[in-house]
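Enquirer: Quick one: the structure is below, and I'll ask about it shortly.
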Amino acid sequence: MKRSWRNFTLAIKRLFDLAVSVSVLFLLAPLLGLIAFAIKLDDRGPILFVQNRVGKQRRMFRCYKLRTMVIGAETIGDGYTVTADDARITRLGKFLRQWTLDEIPQLVNVVKGDMSIVGPRPWVAEQAQLCSAAQQRRFAMRPGMAGWAWIHGRNQLPFDERIRLDLWYIDNWTLWLDFKILAIAFVHLFRRVGVFVPADINKDLDIKIVNGNRTSNPTR
């Protein structure tokens, strides 16, 4: 794809992101209010879970999610692996995760320009450091709320497979591909495909991070 045409289509992608994120935030504002009230009612903890993630060109940004796990979950449990029966997930949190409602606040990240509607999922620094030099082009575009790896298994994919699919997306990106991903993601949302991590699927990743004294939990 010629650079001038790619820049033009990337500009369209950004305009699409802004139009969709602002519209959806407006439409879902009442629902977000109800969820926020329910989270407070459930355990009186904070409504949002905010964590530093790696964005485009490896720039760090603060990523927003509705809190679905108990306070201090990052210091207990199984690290990166969050299974369907994880005791750290709150009663309301399991429902929010099943329907991906916990990620609605990331639309604010899209408005701010930290994220896109479609792109590789945002990772914490510990995960990004596990990419080889050749895999760093994964960070050539804004991270997304849904992506090529997301629709091919989401949390059920091994870490290396996620990287492979993310790199394919970067190398083959078009606006048409984004629309295709969105259509499939919409179906997957209702089928609740790949929401939780199968036990031990990321065990090797956890071992690498723990051995490097990096134990933050990106999965809430």
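Every read-out reported here was derived from the displayed coordinates using simple, explicitly stated rules and does not represent laboratory data. Only a predicted model underlies this, so the values are computations on that prediction, with no experimental measurement involved. Cβ placement follows ideal geometry from the backbone for every residue including glycine, while neighbour counts extend to all protein chains displayed.
Enquirer: Is it the case, given these coordinates, that LEU31 is assigned to a helix (DSSP H, G or I) and buried (at least 19 other Cβ atoms within 10 Å of the Cβ)?
Expert: In short, no.
Enquirer: Moving on to the next point. Can you name the number of the only condition in (1) over 30 Å from LYS180 (Cα atoms); (2) surrounded by 14 or more Cβ atoms within 10 Å (Cβ to Cβ); (3) free of Cβ contacts under 8 Å to residues at least 12 places away in the same chain that ARG88 fails?
Expert: (3)
Enquirer: Which residues, counting only those in region 48-72, are farther than 21 Å from ALA84 by Cα and not basic (Lys, Arg)?
Expert: Residues satisfying the conditions are VAL50, GLN51, ASN52, VAL54, GLY55, GLN57, MET60, PHE61, CYS63, TYR64.
Enquirer: Now for a different question. How many of the residues in region 140-176 are farther than 10 Å from GLY119 by Cβ and either in contact with a strand residue (DSSP E or B) (Cβ under 8 Å, 6 or more places away or on another chain) or of a type in the set (Val, Ile, Thr) (or both)?
Expert: Qualifying residue count for the region: 3.
Enquirer: Suppose the filter is touching a residue at least 60 places away in the same chain (Cβ under 8 Å), part of a helix (DSSP H, G or I) and among the aromatic types (Phe, Trp, Tyr); does PHE16 pass it?
Expert: It is true that PHE16 is touching a residue at least 60 places away in the same chain (Cβ under 8 Å), part of a helix (DSSP H, G or I) and among the aromatic types (Phe, Trp, Tyr).
Enquirer: Only one of these conditions is not met by GLY45: (1) part of a loop (DSSP other than H, G, I, E, B); (2) under 21 Å from THR174 (Cβ atoms). Which number is it?
Expert: Of (1) part of a loop (DSSP other than H, G, I, E, B); (2) under 21 Å from THR174 (Cβ atoms), only one is false for GLY45: (2).
Enquirer: Please enumerate the residues belonging to region 106-130 that are crowded, with 19+ Cβ neighbours inside 10 Å and either free of Cβ contacts under 8 Å to residues at least 40 places away in the same chain or not in a helix (DSSP H, G or I) (or both).
Expert: Across region 106-130, the qualifying residues are ASP114, MET115, SER116, ILE117, VAL118, GLY119, PRO120, ARG121, PRO122, TRP123, VAL124.
Enquirer: Could you please give the count of residues in region 91-104 that are surrounded by fewer than 19 Cβ atoms within 10 Å (Cβ to Cβ) and not in a helix (DSSP H, G or I)?
Expert: Of the residues in that region, 2 qualify.
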